[in-house]
Amino acid sequence: AHLPEWRVTLPKGERAVAVACGKDWVAVVTSERLLRTFTQAGAQKHIVQIAGTPVTCVGKGDSLLVAHHATPPVFVAAGAKKDALKLEQKIHFVQYDVSANGAVLAQGALPVAPGATLTWLGFVEDACSAVAFGSSDGAVSVRTPDFGGAFAPVFRSADTKTQDSEHHWVVAVSVADDVRSGAGLYCVVCRSGAGPNVHPKPVLTPMPLSTPVALPEGSSGDLEDVAGKARVAVALASCWAERNASDGPARDAARQVQAECDKASLRLFHASCKAERPARAADIAKGLHLTASMHGALKLANALQQPALAQRVTSLIEDAMAAAAAAEHSAKMHAHTKYQSQMEPSSYYDAPSALETPGQGPAGDSARGSVFADDDANPFARRASVGAVAQKNENDLVDPAPSNPLKSKAGYEANVGPGKKSRAANPFARK
């Protein structure tokens, strides 16, 4: 009978720090700075060392994320007071591909604020599966492809809590869901920072994401917050679409997120036009992704009677159309080149082989000539002289085939009956 459960015993003095599981594997990091991987059935695969003291690990699909201390914690100055010191942890992460024997996909530092500790580590629920983490100060950040893979803050617990004793136990993060429905953080609201109770079953609460935007003059910051979250979603979706260029759903998802981001940008564009900030409005128009959104910005500029801004938006539209045409032409040329490379004959058939049977070579062999084709078919036949062959090739005068079915022998001509002999046939004939 098949046993669904399996157990392993670690060596003496070694204890498990964290356990993670993926599609068909299980990983554990231990107190001896070892990373051990097992198959789904319990077979041991890899035993490798970690660069520092392990903190935690998490898995999703084929990706394994391991966090460890890069250096011992240090005290740093924090706050307005010079004598105020806070403990800062230097935590690094490494993302492995377990299916490719632990190939490193990404690595770097987790920017945990001084005085805070790492409370949650995982992947976003979007298709890109970007790295995300949460700290004890209530901040949640997501790794984006911008600035070489920098982390962008997407949630602050202090902005959403209703009571000082309220804590948000993070479970999952989805930037795309926040752009579509306005709720991208799924957490359990707790009364203390120790975490939720196991029984009864905790209830997930969706919370809206928020970014620490700088408030411009005369604005509440709501439009800037929505636009900032949309830009993060576009960066994640575009990165995933580039990695999977042949995937139609990835491109459709990226286009949908770009459309939502353009809506937020158009609201900012309209607000800047009303505040008589045409230069800021032009900068916002440069960030639009779709041509239809640019046409919408052009209509707003014309409706608000700003011809200079409308001219700049028109130039942006022309540049976008030229870039799209160039990209389409490049794609067609690439496809045509690929088709020609597939249709070219193999070099094996370009020249006859040295082992070919005489008389079986190609008809257009310039080295031998077609004149010797019949002679090559019979190696014992008498060959014509080189001079006769050259004269024949030069003049291209070939006698037509004899109309008389009788064979042409010595003493007979092809156009003469068999009863009449030629004079050249009898050398002793009277001249």
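The values are calculated or read from the model by the stated rules, or taken from the named source; none is laboratory data. Since the model is a prediction, treat every value here as computed from it, not as a measurement. Every residue, glycine as well, gets a Cβ built from its backbone with ideal geometry; the counts of neighbours run over all protein chains shown. Accessible surface areas use protein heavy atoms only, side chains included; no ligands, DNA or RNA. Shrake-Rupley method; radii C 1.70, N 1.55, O 1.52, S 1.80 Å.
Condition (residue is surrounded by 16 or more Cβ atoms within 10 Å (Cβ to Cβ), in contact with a Ser or Thr (Cβ under 8 Å, 6 or more places away or on another chain), farther than 20 Å from Ser129 by Cβ and of a type in the set (S, T, N, Q)) applied to region 186-208: is it met by at least one residue? Don't jump to the end; show me each part of the working.
Initially, region 186-208 is screened for residues surrounded by 16 or more Cβ atoms within 10 Å (Cβ to Cβ), giving 186-190, 196, 202, 207-208.
Subsequent filtering for residues that are in contact with a Ser or Thr (Cβ under 8 Å, 6 or more places away or on another chain) retains 186-189, 207-208.
Checking which are farther than 20 Å from Ser129 by Cβ leaves us with 188-189, 207-208.
Applying the additional criterion that residues be of a type in the set (S, T, N, Q) yields none.
Scanning region 186-208, I find no residue that is surrounded by 16 or more Cβ atoms within 10 Å (Cβ to Cβ), in contact with a Ser or Thr (Cβ under 8 Å, 6 or more places away or on another chain), farther than 20 Å from Ser129 by Cβ and of a type in the set (S, T, N, Q), so the answer is no.
May I ask you to list the residues in region 138-160 that are assigned to a loop (DSSP other than H, G, I, E, B) and loosely packed, with under 15 Cβ neighbours inside 10 Å? If you could, list the steps in order and put the result at the bottom.
Start the filter on region 138-160 by keeping residues that are assigned to a loop (DSSP other than H, G, I, E, B), which leaves 138, 144-145, 149-150.
Hits for region 138-160 are Gly149, Ala150.
Among the residues of region 256-276, those identified as surrounded by fewer than 18 Cβ atoms within 10 Å (Cβ to Cβ), over 25 Å from Asp177 (Cα atoms) and not small (Gly, Ala, Ser) are Lys274, Glu276. Looking across region 49-94, the residues that are surrounded by fewer than 12 Cβ atoms within 10 Å (Cβ to Cβ) and either closer than 24 Å to Leu10 by Cβ or acidic (Asp, Glu) (or both) come down to Gln49, Asp83. Please give the number of the condition Cys128 fails out of (1) surrounded by fewer than 18 Cβ atoms within 10 Å (Cβ to Cβ); (2) out of contact with any strand residue (DSSP E or B) (no Cβ under 6 Å at 6 or more places or on another chain). Unmet condition: (1).
Would you tally the residues in region 277-314 being in a helix (DSSP H, G or I) and either crowded, with 16+ Cβ neighbours inside 10 Å or not hydrophobic (A, V, I, L, M, F, W, C) (or both)?
Narrowing region 277-314 to residues in a helix (DSSP H, G or I): 278-286, 291-303, 307-314.
Pick out the ones that are also either crowded, with 16+ Cβ neighbours inside 10 Å or not hydrophobic (A, V, I, L, M, F, W, C) (or both) and you get 278, 280-286, 291, 293-302, 307, 309-314.
Number of matching residues: 26.
Residues that are small (Gly, Ala, Ser) and either part of a helix (DSSP H, G or I) or closer than 15 Å to Gly184 by Cα (or both) within region 119-137 comprise Gly122, Ala127, Ser129, Ala130, Ala132, Gly134, listed in sequence order.
Taking the criterion of being touching a helix residue (DSSP H, G or I) at 6+ places or on another chain (Cβ under 8 Å) and polar (S, T, N, Q), the only residue of region 1-56 that qualifies is Thr37. For Pro114, indicate whether it is more than 30 Å from Ala250 (Cα to Cα) and open to solvent by 40 Å² or more (accessible area, probe 1.4 Å). So Pro114 passes the test.
Need at least 1 residues that are under 22 Å from Val142 (Cβ atoms) per element, so show me which strands (runs of 3 or more DSSP E) inside region 12-118 make the cut, counting only ones lying wholly within it. Give the derivation first.
Details: elements: 16-21, 25-30, 34-39, 44-49, 54-60, 63-77, 85-97, 103-110.
Of the strands (runs of 3 or more DSSP E) lying wholly inside region 12-118, those with at least 1 residues that are under 22 Å from Val142 (Cβ atoms) span 16-21, 54-60, 63-77, 85-97, 103-110.
Is there a residue in region 186-198 that is among the aromatic types (Phe, Trp, Tyr) and within 22 Å of the chain's Cα centre (by Cα)? So that I can check it myself, show each step before the final result.
Initial filter on region 186-198 (among the aromatic types (Phe, Trp, Tyr)): 186.
If we keep only those that are within 22 Å of the chain's Cα centre (by Cα) too, we end up with none.
The answer is no, given that none of the residues of region 186-198 is among the aromatic types (Phe, Trp, Tyr) and within 22 Å of the chain's Cα centre (by Cα).
Which residue out of Leu236, Leu209 is assigned to a loop (DSSP other than H, G, I, E, B), under 28 Å from the mean Cα position of the chain (by Cα), closer than 26 Å to Gly59 by Cβ and in contact (Cβ under 8 Å) with a residue 40 or more places away in the chain?
Of Leu236, Leu209, the one residue that is assigned to a loop (DSSP other than H, G, I, E, B), under 28 Å from the mean Cα position of the chain (by Cα), closer than 26 Å to Gly59 by Cβ and in contact (Cβ under 8 Å) with a residue 40 or more places away in the chain is Leu209.
Scanning region 175-185 for residues that are in a loop (DSSP other than H, G, I, E, B) and either touching a helix residue (DSSP H, G or I) at 6+ places or on another chain (Cβ under 7 Å) or buried (at least 16 other Cβ atoms within 10 Å of the Cβ) (or both) returns Ala183, Gly184.
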